[in-house]
Structures are given as structure tokens and as C-alpha cells.
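What follows is a short report on a single structure.
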Amino acid sequence: MPAELVVMTAEMVGDKFKVYRNAIDEIDDIPRHGVLFIIISCVDPVRPRLNGRRRLYEAHSKDRYTLIVRKNNVMLAGWDDGQFEWKGLADPWAEASTVKPDHLPLAHPAITFEGVQIAPDEWKKAIKQFMDEMH
């Protein structure tokens, strides 16, 4: 699949928060707990970020996140956010690739990630690293 799941956790490596990055269909080694930020990124030839990719989905400050991959569509939903969107991965940046259902669909398999709160000064540091590195 053309999409990547990128997760920043509260785990530290030196003075930086640990970032995991894998293809969306190969995420078994990405932690499910201690999440600060979670994004789905795709290649964007029109408006790329530093690594040629751009954030399709971005979530943070949630208690739980649910990742649902169904055929060539993906949804990343925070449990305390009622705005759900399916994004088509065949042409993720096209307006027609976004479908807004009126409920969180029951889907199997869905993968749940658990967020974590950190001290305000650490959160500011995490935000800066997120803006600099996560695409």
C-alpha cells in the first residue's frame, strides 16, 4: 500500500521521542500504548513535505485511536472525536477520495492505540519534534 503509519511515543531515545514508521500493512512492531502522535502519510507529488510524503491523517491528544484498513481505504479515528472519514488510498489527495460516514463503522480487523499524557514542557518538546520530523 502507498500509505505509512507513523507513531511518536513517549519512549525516549537520547533527547528525542521515539518515532516508528512502517507501511500501513506492516505495523506489527509499532507499539500500541504510550502514543503521543499518530499519522498516516502518503506520497504527494504536488505538495510534498521533506521526505516526499504528506500527512493524510493526523491525531493527537486523544485517549484512544482506532485504525481501520478496509480494502484500499483507511480511517484513523480518535474515540473522543466524532468526525470520522474514510480516505481512499488510490488517489488520497482527491476530494472524491474522502467519504464521511455518520458513525464509526464496525470493522474487523481494527487496531486500537492508547494515548498518554506527558508533562507540559515535554509536550512542547514533542510538538516541535512532530512538526520537524513527522510527515
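Quick note: the coordinates plus some simple rules give every number you see, no bench work behind them. A quick note: this is a predicted structure, and the numbers were derived from the prediction, not measured. Cβ: placed from backbone, ideal geometry, glycine included. Neighbour counts: every protein chain shown.
Measuring from label point to label point, each 7 Å out along Cα→Cβ, what is the VAL99 to GLU85 span in nm?
In this crude label model, VAL99 to GLU85 measures out at 1.6 nm.
Going Cα to Cα from LYS18, which aspartates and glutamates come in below 15 Å? Please leave out same-chain ones fewer than 8 positions away.
Hits, sequence-local ones excluded: ASP29, GLU122, ASP132, GLU133.
With mean projected area of the Cα convex hull in nm² defined as stated, name the option among (1) 10.3; (2) 9.0; (3) 8.2 computed from the structure displayed.
Only one option fits the structure, namely (3).
Can you list the lysines whose alpha carbon sits under 22 Å from that of LYS16, skipping same-chain ones fewer than 8 residues off?
List returned: LYS62, LYS124, LYS125, LYS128.
Output ³J(HN,Hα) for the stretch 84-89: one whole-Hz value per residue in order, computed from phi by the Karplus curve 6.51 cos²θ - 1.76 cosθ + 1.60 with θ = phi - 60°, and x for Gly and Pro.
Each residue's phi maps through the Karplus curve to give 10, 9, 8, 10, x, 8 Hz.
Taking other Cβ within 10 Å of each residue's Cβ, how do HIS103, HIS33, HIS60 sort, fewest first? Working shown, then result.
Values: HIS103 7, HIS33 12, HIS60 17.
The most exposed by this proxy come first: HIS103, HIS33, HIS60.
For the stretch 3-133, build the charge dipole from Cβ charges (+1 Lys, Arg; -1 Asp, Glu) around the Cα centre, then report which of ALA77, VAL43, HIS60 sits farthest towards its positive end.
Of the listed residues, the answer is VAL43.
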